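To keep things clear, I will list the structure first and then write my remarks on it.
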Amino acid sequence: MNFSDLKNELSYIDHLVKELDRVAPASDNQNDVLRGELSGLLLVAICAVYENVIKKIMIEYADSVHGDFSYYIEKNYQKLNSKISKDDLCKYLKLFSNTKATKFTNEMLAVQTRLGGVHPNEKYSSLLDWRHAYAHSKAPQTTIEEAYKHHRYSKYIIYAFNKAINS
C-alpha cells in the first residue's frame, strides 16, 4: 500500500477523536462517564482499523506477486481479529520471506531511535490489551486522550509493517 493511502486509512482515527471531543468535550465534567464509554469504543475502532489495514497491506502485496497467491492470502487471513500482535506481524512477513521479517525488525529499531527510545510496541500492546478487556468487560480501561496518545505511537508499527512488506 502506498504511504499516502495508508496514512489516509489511519487518519480515520484522528477524525473520530475530533468528533468524540466535539460531541462530548472533556472540559464538561458531565461528560466523564460518557467519555469513559467512548474511550472503550474508540479502542475497538482503533484496533479494527489496524486489522483492516493489515489485511489490505497483505492482500495488495500478494496481488503484486500473483493472483492465486492473493486469493490464498485473502482466504487464509479473512478471519484475522483485532488482536494482531507485533509478533504476529513478524510471522506474517516470514510467510513472504525472512528478509521482510528482518526488515520489519530493523525498521522497528529505527523507529524506536527516532521516537527517543520509546518502542511503539509498548503502546501498541496496551491498545490491544485495553480493547480486549473493554470488549469483554465493558469497563473503560483508559481515556480517549490516552488511547489517542498510544495510537500516535502505535501507527508506526503499521508503517513499518507496510514498509517491510513492500521492500
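For the reader, a short list of remarks on this structure follows.
- Cross-link partners for LYS163 among the aspartates and glutamates, with Cα-Cα distance under 14 Å and sequence neighbours closer than 8 places in the same chain left out: ASP5, GLU60, GLU107.
- The chain, helix-only ellipticity at 222 nm - DSSP H runs n ≥ 4, -39,500 (n - 2.57), divided by all residues, nearest 500: -27000 deg cm²/dmol
- Label sites at LYS55 and ASP28, each approximated as a point 7 angstrom past Cα along Cα to Cβ, lie 3.5 nm apart.
- Rg/Rh for the chain, where both radii come from Cα atoms and Rh is the Kirkwood radius: 1.00
- Cross-link table LYS7/LYS138; LYS18/LYS83; LYS56/LYS86; LYS55/LYS83; LYS91/LYS138, entries beyond 23 Å C-alpha to C-alpha: LYS7/LYS138; LYS18/LYS83; LYS91/LYS138
Read-outs: derived from the displayed coordinates by stated rules, not from any lab. Quantities reported herein were computed from a predicted structural model and do not represent experimental measurements. Using ideal geometry, Cβ is built from the backbone for each residue, glycine included, and neighbour counts are taken over all protein chains shown.
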